[in-house]
């Protein structure tokens with residue numbers, strides 16, 4: 001029985017962590033619903049348009065950073081360690097929305113997917129008090 005608990009504990013410790021300890025806050029100051037993705041990777045291939053990545057107009061959210069062993073390091077803040085170990089030492093925040101404004105016929109499937117990426121070093125995040133606004 002103990003072996004089962006030890007295996008389960010080892011599995012939990014080896015998995016990726018969903019960490020909100022940095023108290024990063026994203027604010028949507030626009031009038032449109034947007035989706036966001038926070039990553040230490042500059043590519044947005046893992047960006048998923050789901051309800052938990054949706055941010056309504058004039059709302060805010062504290063997203064988590066998904067990381068593994070790169071969260072361990074010299075700083076007590078796991079986010080800082082993960083960001084500093086990234087290829088370009090930046091946290092990448094992606095914002096996306098669908099633009100139908102230029103589409104004369106909203107019943108068809110024509111639209112523009114607008115994706116904007118912002119890159120933040122630990123110093124820039126500290127200067128902003130870990131608060132990022134989308135306008």
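Arrange the following residues from fewest to most other Cβ atoms within 10 Å of their Cβ: 58, 35, 118.
Fewest to most other Cβ atoms nearby, the residues stand as 58, 118, 35.
So if each residue of separation counts as 0.36 nm, and I subtract the Cα-Cα distance between residue 33 and residue 77, what length gain in nm does that give? Let's see the in-between values first.
Details: separation 44, 0.36 × 44 = 15.84 nm, distance 3.07 nm.
Answer, rounded to one decimal: 12.8 nm.
Spin-label point model (7 Å from Cα, Cβ direction): what's the residue 123 to residue 61 distance in nm?
Going by the 7 Å Cα→Cβ label model, 3.1 nm.
For residue 112 and residue 99 in the same chain, what is the full-extension length gain: residue separation times 0.36 nm, less their Cα-Cα distance, in nm?
Numbers: separation 13, 0.36 × 13 = 4.68 nm, distance 0.51 nm.
Gain on stretching residue 112 to residue 99: 4.2 nm.
At a 10 Å Cβ-Cβ cut-off, how would you order 33, 45, fewest neighbours first? Intermediate values should be presented prior to the final figure.
Numbers: 33 13, 45 6.
With the sparsest Cβ surroundings first, the list reads 45, 33.
Rank these for me by crowding, 116, 122, going from fewest to most other beta carbons within 10 Å. Don't skip to the answer; put the middle values down first.
Numbers: 116 11, 122 19.
Arranged by neighbour count, lowest to highest, 116, 122 become 116, 122.
Since every read-out is calculated from the coordinates, none of them should be taken as a lab result. No experiment lies behind these values; they were computed from the predicted model shown. Every residue, glycine among them, receives a Cβ derived from its backbone with ideal geometry; neighbour counts consider all protein chains shown.
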